[in-house]
Structures are given as C-alpha cells and as structure tokens.
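A.B. asks: Structure incoming, see below.
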Amino acid sequence: TNPGFVVRITQAGLDYARQHGVAVLEQELHQLQLPDISGEFRVRRVGKVHYELSRLNLRSFRLPSSQISPIPNVGLQVSISGAFAELDGNWRVKVHFIRDHGSFDLKVEGLSIGIDLKLGTDGSGKPTADVSDCSAHVSSVRVHFSGKFSWLYNLFHSAVESVFRRSLESKVCEQVVSSVHSELQSYLGTLPVTAKIDAVAGIDYALVAPPVAAAQALDAELKGEFFSLAHRSAVPFSPAPLALPPDHARMVYFGASSYFFNTASLVYHTAGALVFELTDSMIPKGLDFHLNTSTFSAFVPQLEERYPDMLMKLRLSTPAAPFLSIGPEGLSLRPVVDIQAYAILPSSSLAPLFLLNLGQSSPCVLAEPPGRSAASRRLCRLRLSLKHSDVGPFQVRTLQSVMNILASSILLPRVNARLAQGFPLPLLRRTQLSNVLVQWHQVSAQPR
C-alpha cells in the first residue's frame, strides 16, 4: 500500500534524539544493581583463597561520547565510547585461618557499548524497536582496597578485576535491553495513529510498513488518510507513489500527497459539510456590491418585476467531492459547484430563483508557497452554466464577473482561513516543532 503521508528523520534529527535517549540510558545505568561477587582460587605455596565483594554501590555512571547511525535496510546502530563508572563496596577474604575485611573503591574506564536496534510496527500501526544485538567491553578496571594485610589484596586483585569486568559487561547489556523495552518502546507508543480534526473527520496515521533506514535518514510511511467519525468506509481511489525530495538540511520532514487532501475532501463532502451559504451581510464593506435582487436584476431582468428590492441568498454545494492537486504553485483544485440562488421573501421564506453550475476551469490556488508575490498569483476564473431557472431564461455569461468577485473576495478567503488552521501532525509526546517551512513539490508529474 502506498502511503498518503511520509516522515523523514535526518541524521540531525537522529542525533538530537540520541542525546535525549543516551541521557535516559545514563540515568538507568546509574541505578544499575550489581550482584555480590564471590569466588575462590588456589595460589601456590599459599593454598585456597576465598573472597567476597558485597554491597556494591554505583556512585556514578557517565556516557560522554555517543553516535547513532542508520544502517540501510537493517535499522539503527548506537555506539557509545569512553564511558566510565565509579563504585564502592565491602570485601572479605579468607586464607586458611587468616581472615580480613574492609572497603574498596573501583573505577571502570574505557567502557564501550554497541547497540543494534531493529525497527518494526505493531498491529495498530505504531512503531516498535527491539535490541537485535548488544555488546559491551571494559578496557580498564582499577581497584583500591583498604585493610591491614596488603599482601592478601595482591592475591585476588587480578581475579576480582576479571570477574567484575565480565559481570559489568553482562549487566550493562541487560539494562540496555530493559531500557529499550520500558523507555524507548513506551515512548514510541505515544505516536498517535489517529487524530481527531473536528466533529466530522479524523486522520489515520498508522504505519503501512516498518520504518526504513537509509544512508542518512530514517523514513516512515504512514497511511495518511482522512476518515469519517460517524461511519468509516473504504476510499474509492488509491494513493500514488510518494517519496520525499532528497533533502537532509533539517531534522525532520513531513510529506503529504494529494491523496491525503482528497480523502479529506471525500469525507467532508459525504458528510454534507461542503455546503456554504452566502448572504448580503457577508459581503465585505469595502466591496461596492450587494447580494439583492436590485443588483442581480442587471443580469437577470425578471427579478426586478417578480421580486423587487429583496435580499438574496446563495447556497453553494458540491455535487461530487472536489479533487485537489499539489504542484510547485501550491494546493489547488478544479471546482465543481452548484450555486442555488434564492430571494428572501418578507416572510423570511426562500423563493428559488435559478441553479448555476460552476464547471471545470483553470485550477483555483487555495494555499500558496510562502513569500509568493501578489503579481505572480493566478486568479481563480470560473466558468458558469445554467442548470435550471425558476424565473425564465437569461444570459449566464453576464454573471461571470460577479461570481469571480464573490469567489475571490469571500469564498476562497474562508476556505484559506480553514486551511490556515492546519491539522495535527503525528508527533511523539513532548515533541514540538520550530522553524517550520512549508514547500510544494511535484515529482515525476505526480501531484504531491
């Protein structure tokens, strides 16, 4: 299934996420509970030496250097180097009848951690992450013992360092797996797969496939489909292939295809929400025009005789869901609208006058690229035809300029005002966007 909406997280975005993720992992490792260590070994001319390390207390754990890399067709790889930790505890040793105990301080240096993350999706369309591989290596362990018999310490010094190194390496990877499941996976679960727009519609943002790692980014394909809150049904058309331009300058990119907007058009049309009533009170004050029979009698002479000096109402509706397209000029549509004109009688009831059809014409640009100059904007030209008249025949051509004025000064500004409210993007919890830039593209002659 082709997506209607795509998301790209670039290397800059991954690096930003890595900083926060590693900070959480550092806190988790700082809470690491290390088990007591005990063992015994035999020393020539001394005999069997039994030792025990207990009450291990991890005072600090630092992950100063890390990096994240997308591995194409595999997932993400996180590398941590130069990590170090400090801890203390108690020790006890027994050699024949000699016993001693005390405390110790231990420093771990040169700890490196490699984490491979496999990305997927669950049954609801949310992203998932799991550890496919983890490795940890400690290059240096230094122990300082306090006690009376220094010669005893030397007997088990190297043994303690070796055992502790293996224990810490194992525990670090156990904590990494636990943190990915409890922290990262829980956070990914905050991605909304549906978003309510209003009382009519919502958006389906479920993943249609697992996220894909590329050379410099992580791409996710989402359904990107509006649906009716009252009754969801299959969309009678399919999304065209969609791919983001090869840009990587910003942290994150969102791409919506014409399919995304056309499913919105379909939902609102089916719900009867694409009906607009225009009255004289809605005419801008600076516009020397009134919506009444006196004005329209210049174009429809019968009105002056049958409905003299009466206010009018225009009811605009779509016989079919309007098709929107995306190109370098912006978001545009070819309107197909029925316009029913009424006279408002003294009793406030409506008398039908005529029904016009606004047919195919040049596209009307609804949303334009930022910074587009007024001189470069294309006017929305309407082409009218008469579908029915209750007052007799008249020349529709003469109404063309009036409808252009009404559409340009009233209808389109209201549509743009609604579009300016925007729609919720699929963002993880506590994520905010800044320095947002909107661009319009057309790739391979396919509307985007």
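A.B. asks: Which count do you get for residues in region 44-76 that are of a type in the set (A, V, I, L, M, F, W, C) and closer than 17 Å to Glu28 by Cα?
C.D. replies: Our first condition is that a residue be of a type in the set (A, V, I, L, M, F, W, C); within region 44-76, this holds for 46, 49, 53, 56, 58, 61, 63, 68, 71, 74, 76.
Those left that are additionally closer than 17 Å to Glu28 by Cα: 56, 58, 61, 63.
Number of matching residues: 4.
A.B. asks: Hey, among Phe226, Phe276, Phe237, which residue is among the aromatic types (Phe, Trp, Tyr) and within 22 Å of Leu428 (Cβ to Cβ)? Spell out how you get there, then give the answer.
C.D. replies: On the way: Phe276 fails: within 22 Å of Leu428 (Cβ to Cβ); Phe237 fails: within 22 Å of Leu428 (Cβ to Cβ).
Checking each option against the conditions leaves just Phe226.
A.B. asks: Just to verify a result, which residue in region 43-60, among those that are closer than 17 Å to His157 by Cα and among the hydrophobic types (A, V, I, L, M, F, W, C), is surrounded by the most Cβ atoms within 10 Å (Cβ to Cβ)?
C.D. replies: Leu53
A.B. asks: Hey, another quick one. For region 11-42, give me each residue that is surrounded by fewer than 13 Cβ atoms within 10 Å (Cβ to Cβ) and of a type in the set (A, V, I, L, M).
C.D. replies: Within region 11-42, Ala23 is the sole residue that qualifies.
A.B. asks: So, of the residues in region 303-336 that are part of a loop (DSSP other than H, G, I, E, B) and of a type in the set (Val, Ile, Thr), which turns out to be least open to solvent (accessible area, probe 1.4 Å)?
C.D. replies: Thr318
One line per residue, one yes/no per condition, for (1) in a strand (DSSP E or B); (2) within 21 Å of Gln11 (Cβ to Cβ):
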site	(1), (2)
Ser182	no, no
Gln185	no, no
Asp198	no, no
Ala209	no, no
Ala220	yes, yes
Arg232	no, no
Ser238	no, no
Leu244	no, yes
Tyr259	no, no
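A.B. asks: Looking at region 89-115, which of its residues are under 20 Å from Gln27 (Cα atoms) and open to solvent by 40 Å² or more (accessible area, probe 1.4 Å)?
C.D. replies: So the first thing to find is which residues in region 89-115 are under 20 Å from Gln27 (Cα atoms), and the list is 106-115.
Of everything in region 89-115, those that are under 20 Å from Gln27 (Cα atoms) and open to solvent by 40 Å² or more (accessible area, probe 1.4 Å) turn out to be Lys107, Glu109, Ser112.
A.B. asks: Would you pick out the residues in region 242-265 that are β-branched (Val, Ile, Thr) and closer than 19 Å to Phe323 by Cβ?
C.D. replies: Within region 242-265, Thr263 is the sole residue that qualifies.
A.B. asks: When you go through Val438, Val402 one by one, which is the residue that is more than 22 Å from Leu324 (Cα to Cα), of a type in the set (Val, Ile, Thr) and either surrounded by 15 or more Cβ atoms within 10 Å (Cβ to Cβ) or touching a Pro at 6+ places or on another chain (Cβ under 9 Å) (or both)? Explain how you work it out, then say what you get.
C.D. replies: Details: Val438 fails: more than 22 Å from Leu324 (Cα to Cα).
So the residue among Val438, Val402 that is more than 22 Å from Leu324 (Cα to Cα), of a type in the set (Val, Ile, Thr) and either surrounded by 15 or more Cβ atoms within 10 Å (Cβ to Cβ) or touching a Pro at 6+ places or on another chain (Cβ under 9 Å) (or both) is Val402.
A.B. asks: Can you name the number of the only condition in (1) surrounded by 13 or more Cβ atoms within 10 Å (Cβ to Cβ); (2) modelled with pLDDT of 80 or more; (3) among the small types (Gly, Ala, Ser) that Ala407 fails?
C.D. replies: That leaves (2) as the condition not met.
A.B. asks: Of the conditions (1) without any contact (Cβ under 8 Å) to a residue 40 or more places away in the chain; (2) more than 23 Å from Ser139 (Cβ to Cβ), Lys107 fails just one. Which one is it?
C.D. replies: Here Lys107 clears every test but (2).
A.B. asks: Any idea how many residues of region 362-378 are at pLDDT 60 or above and either among the polar types (S, T, N, Q) or closer than 13 Å to Met312 by Cα (or both)?
C.D. replies: 1
A.B. asks: Regarding region 171-179, can at least one residue be identified that is at negative phi, free of Cβ contacts under 8 Å to residues at least 12 places away in the same chain and outside the structural domain of Leu56 (by the TED database)? Before you say what the answer is, go through the steps one by one.
C.D. replies: Step one: list which residues in region 171-179 are at negative phi, which gives 171-179.
Cutting the leftovers down to free of Cβ contacts under 8 Å to residues at least 12 places away in the same chain gives us 174.
Narrowing the set further to residues that are outside the structural domain of Leu56 (by the TED database) leaves none.
No, region 171-179 contains no residue that is at negative phi, free of Cβ contacts under 8 Å to residues at least 12 places away in the same chain and outside the structural domain of Leu56 (by the TED database).
A.B. asks: Among what's in region 218-246 and is farther than 21 Å from Ala195 by Cα and without any contact (Cβ under 8 Å) to a residue 60 or more places away in the chain, pick the residue that is least open to solvent (accessible area, probe 1.4 Å).
C.D. replies: Phe237
A.B. asks: Let me ask something additional. Of the numbered conditions (1) buried (at least 18 other Cβ atoms within 10 Å of the Cβ); (2) more than 13 Å from the chain's Cα centre (by Cα); (3) not assigned by the TED database to the domain that holds Ser124, Val212 fails exactly one; give the number of that condition.
C.D. replies: That leaves (1) as the condition not met.
A.B. asks: If you go through region 265-295, how many residues are under 14 Å from Pro319 (Cα atoms), in a strand (DSSP E or B) and open to solvent by 50 Å² or more (accessible area, probe 1.4 Å)?
C.D. replies: 1
A.B. asks: Looking only at strands (runs of 3 or more DSSP E) that lie completely in region 1-115, which have at least 2 residues being among the β-branched types (Val, Ile, Thr), more than 30 Å from Ala215 (Cβ to Cβ) and in the same structural domain as Val172 (by the TED database)?
C.D. replies: Passing ranges, in order: 37-43, 75-95.
A.B. asks: Filter region 167-198 down to the residues that are among the charged types (D, E, K, R), touching a strand residue (DSSP E or B) at 6+ places or on another chain (Cβ under 9 Å) and closer than 20 Å to Ser79 by Cα and list them by number.
C.D. replies: Glu169, Lys171, Glu174
The values are calculated or read from the model by the stated rules, or taken from the named source; none is laboratory data. Computed from a predicted model, the values in this text were never measured in an experiment. Counting neighbours? That spans all protein chains shown, and the Cβs are built from the backbone with ideal geometry, glycine included. SASA here: full protein model, heavy atoms, side chains in, ligands and nucleic acids out. Shrake-Rupley method; radii C 1.70, N 1.55, O 1.52, S 1.80 Å.
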